[in-house]
Structure formats: C-alpha cells, structure tokens
Amino acid sequence: MSGVLEGIRVLDFGRYIAGPFCGTMLGDLGAEVIRIEKLEGSEDRWVTPVAQGGEGAMFLQMGRNKLGMTLNPVKPAGREVVQKLVAVSDVVIANLPYDDLKKMGIDYETLSAINPRVILATNSTFGSEGPYATRVGFDTIGQAMSGAMHLSGDGKVPTRANAPYVDFGSALLSTVGVLAALMDRQKTGKGQKVETALLRTAINITNSHLIEQAVLGLDRIATLNRGFTAGPSDTFKCKDGWIYAMTIGQPLFVRWCRLMGNTDLASDPRFKDDLARGDNGETLSAIMQKWCESRTVAEALELLEANRIPAGAVYTPQQALDDKHVREAGFFHAMEFPGMPEPVPVLQEPVKLSRTPLTIRRRAPKLGEHTEQILRELGYEPAVIEKLRADRVV
C-alpha cells in the first residue's frame, strides 16, 4: 500500500533527533528519504551502540524507511552531487548551524536558486533571530531554559527528563510545517523554509506555566511527582511496585473520595476545586499512599479502574516491552538489522491513519549502503563513482 507522500523525495542531512525524526515521519508517510552522512558516519549513528557494527539504538529507530548515502558536500565534487540531488528533490532537512548550511550549500538561498519548489526544514537550539542565534545546544538546554527543569525534581536540584521530549517535539512540529509547506506548494508552485527551534518547542510545552507566572507571580517550585493544579496527582508506592494516579475535576474527585471511604473530603473547603486540591496535594497524597501501601500494584489498579480513576503502573523499560496491551495492540514492528542477533522492537506507527496507514518498509541503512545506487540514478558512471570514492567525496 502506497503512503500519502509517495513520489516525494527528502534529503535528510539531520543529526541526532530533531532533524532525523522529521525525516523518519515523512518516510513512514511514504516519502523516499535519503539519509546523507559523513564518510565515517554521523555521530548519531553510534549513540547507545547495540549492533555488532556499532550502530546505536537511536539510529535504528531514526533510520527506518531511509536510504543511506555518505557524502562530503564541502568538497567541490560533493557540492555538485548536492546540487544534482536538490534539483530532483522536494524537501531538505538540516538541523545544523547556519554557517554549516552555507558551507554545505544547503542554506535556503542556495537551495531555492537550484530548485524554487524545494522546502528546507531547519532546526536549531535558539532559532535564527535574537542574541543567542549562533549558540549551539541539545534537548536539555531547551528543558533548562523553558522552566521545565526548575519545575521538575524535589525543589532543590533541577531535574531533566531522560526522554528527549524537546527534540521529538521539534521534529514533530517540523513535520507539520513540511506537510503545510507541501500543501501550499500545490497551490503556489513555490517552496519555503520551515524553521523550528528547541527553546521555542520547550516554551510551547511550558507555556501555561509561564502564563500563570506572568499573571499570578506564584514562583512555583518543584514538588517531585505531585501535581500543581490537581490532587491527588502523584506517584504512590504499593506492596510490589509504584503507580501513578491522578484526579482532575470534581466528578473524578468525588469518586476518589468514595473509593477512599471518606466522602466528607468532597465538601472540605481545602479541596473545593482543582487549584485548592493542588495547593493541598500533600495531604491528599498522604491519604492515597496509605490506601496503596496495603495493596499490590494489580489490586490498586483494578480498584482505580473500577472507579474510572486514571492510573497506571510505573514501568521499567523491560516491563514496558512486556506489557500485554503493548504486545497485543501491536505497538512494535520487529525490524531486522545486520549484526543484531534478533529483530529490534521499533514502534510500528506513531500515528494511525485508517485508509493510508504509516508503514515501515525498510530497516535502517548500513553506512553508505545506497550511495552507489543513488549516484547511478543521478547519472554518474561507475568510473566516476570510483573516483569520487578515491577522492573521499563519497
């Protein structure tokens, strides 16, 4: 079954997550995506190595549905390859500093002169405007400077999320921007630049907290896992593990009071609404903790579900892999990869479409696996390709 982006060609010069995962999403949607790396392999290929060849877990996820090409675009012969690729492509992805884009000939001015229909998707830490525009950074810089780290942890040590949500959020916003640019191009015939920035993404996520601060000046500090504006909303230790449970809104709180065997709590002025319950969340968490400590995780979750109170077990990574819902709902695609003793679990569909589903059609590429194939399609003869290899252009 063909995807909605069949016929769209994407050049992915991305690194790590914010660029490459945009390419991954476009590939899942049916586009032909060419991942272009350094001759020795881009840094993100080797992060968290799990394969015998040294390929990392992140690359196995990000590299699916992509052809792999090595290229040095700074050399004149490499710049010529880039120009030929851009002329027959629709989208270029590059989460690199602007100076690097210029050196590689993939800044928007250069690209649009070659192909006015091309769309450039860029991501940086701070964006192209403002006093920090030339600074570099990673996901955690966005977490730190958006207020998210200050609001996480125990109120003494700012705490980052190990899951790089700012990077993934930027990649998803970039994907939305590329799809919008493709729709606009159908009407105008013109490409454009799509720009995201890690700090902009992070502030989008913390924006409600920043609005609250601007209006009320509360100067909140972190409260571990306890919610600011609802309660009980916290992690709770059971006899054999941890759960997270939360109540938001009066109907949920009334049901929770009934489950706790204390309906008087619903009329207590300390808990009159969500904000008050958040302000007095420590008291509510203590009540819930006492209820949980005499029950197993399974017993607590069964009773919470029976009363329609949102809750879930706090899983280790292995427990997440083993969860029966994750398995039976088919969350994972078992992807083969050279050097792996068994298939790796790659998420099957980040988003489900009923008529034109996203698909995993090919594994992540080995380093430079499709370089010759791509060059031949561009019209390069075998002897010329060999010279490009000898000259360390590809």
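Please go through the stretch 62-81 and give me each residue that is assigned to a helix (DSSP H, G or I) and in contact (Cβ under 8 Å) with a residue 60 or more places away in the chain, ordered by number. Matches in the stretch 62-81: Met62, Ala77, Gly78, Val81. For the stretch 309-335, the tally of residues that are in a loop (DSSP other than H, G, I, E, B) and surrounded by fewer than 10 Cβ atoms within 10 Å (Cβ to Cβ) stands at 1.
Within the stretch 149-166, identify whether any single residue is surrounded by 14 or more Cβ atoms within 10 Å (Cβ to Cβ), free of Cβ contacts under 8 Å to residues at least 12 places away in the same chain and either in contact with a strand residue (DSSP E or B) (Cβ under 7 Å, 6 or more places away or on another chain) or among the hydrophobic types (A, V, I, L, M, F, W, C) (or both), and answer yes or no. Yes, because at least one residue in the stretch 149-166 is surrounded by 14 or more Cβ atoms within 10 Å (Cβ to Cβ), free of Cβ contacts under 8 Å to residues at least 12 places away in the same chain and either in contact with a strand residue (DSSP E or B) (Cβ under 7 Å, 6 or more places away or on another chain) or among the hydrophobic types (A, V, I, L, M, F, W, C) (or both).
With respect to Val33, determine if the residue is among the β-branched types (Val, Ile, Thr) and closer than 21 Å to Leu11 by Cβ. Spelling it out, Val33 is indeed among the β-branched types (Val, Ile, Thr) and closer than 21 Å to Leu11 by Cβ.
Among residues of the stretch 189-212 that are at negative phi, those with a Cβ under 7 angstrom from a residue that is surrounded by 18 or more Cβ atoms within 10 Å (Cβ to Cβ) and aromatic (Phe, Trp, Tyr), sequence gap 6+ or separate chain, pair up as Lys193/Tyr108; Ala197/Phe126; Leu199/Phe126. Within the span defined as the stretch 275-283, every residue fails to be crowded, with 17+ Cβ neighbours inside 10 Å, among the hydroxyl-bearing types (Ser, Thr, Tyr) and in contact (Cβ under 8 Å) with a residue 12 or more places away in the chain.
Of all the residues in the stretch 208-234, those that are farther than 20 Å from Arg160 by Cα and among the acidic types (Asp, Glu) number 1. Count of the stretch 105-134 residues, restricted to those that are assigned to a loop (DSSP other than H, G, I, E, B) and either in contact (Cβ under 8 Å) with a residue 60 or more places away in the chain or on the phi < 0 side of the Ramachandran plot (or both), is 15. The single residue among Arg389, Arg363, Arg308 that is of a type outside the set (Asp, Glu) and closer than 25 Å to Leu5 by Cα turns out to be Arg363.
The set of residues in the stretch 70-107 being surrounded by 20 or more Cβ atoms within 10 Å (Cβ to Cβ) and of a type in the set (Ser, Thr, Tyr) consists of Thr70, Ser89. Considering only residues that are of a type in the set (Asp, Glu) and more than 33 Å from the chain's Cα centre (by Cα), look in the stretch 289-311 and name the one that is nearest to Phe236 (Cα to Cα). Within the stretch 289-311, the match that is nearest to Phe236 (Cα to Cα) is Glu293. Of all residues in the stretch 175-184, none satisfies being in the same structural domain as Ile106 (by TED's automatic domain parsing), crowded, with 24+ Cβ neighbours inside 10 Å and in contact with a Gly (Cβ under 8 Å, 6 or more places away or on another chain).
Screening Val344, Val326, Val314, Val351 for residues that are β-branched (Val, Ile, Thr), under 30 Å from Val297 (Cα atoms) and over 20 Å from the mean Cα position of the chain (by Cα) leaves exactly one candidate, Val314.
Among the candidates Arg35, Arg45, the residue that is more than 30 Å from Thr159 (Cβ to Cβ), at pLDDT 95 or above and charged (D, E, K, R) is uniquely Arg35.
When both residues are 6+ apart or on different chains and their Cβ atoms are under 6 Å apart, which pairs have a first residue that lies in the stretch 304-327 and is touching a residue at least 60 places away in the same chain (Cβ under 8 Å), and a second that is part of a helix (DSSP H, G or I) and of a type in the set (Val, Ile, Thr)? From the stretch 304-327, the pairs are Ala313/Val297.
If you go through the stretch 40-55 and pick out every residue that is surrounded by fewer than 19 Cβ atoms within 10 Å (Cβ to Cβ), not in a helix (DSSP H, G or I) and not hydrophobic (A, V, I, L, M, F, W, C), you end up with 7.
The values are calculated or read from the model by the stated rules, or taken from the named source; none is laboratory data. Nothing here was measured: the structure is a model prediction, and the numbers come from that model. So basically every Cβ, Gly included, is an ideal-geometry build from the backbone, and we count neighbours across all protein chains shown.
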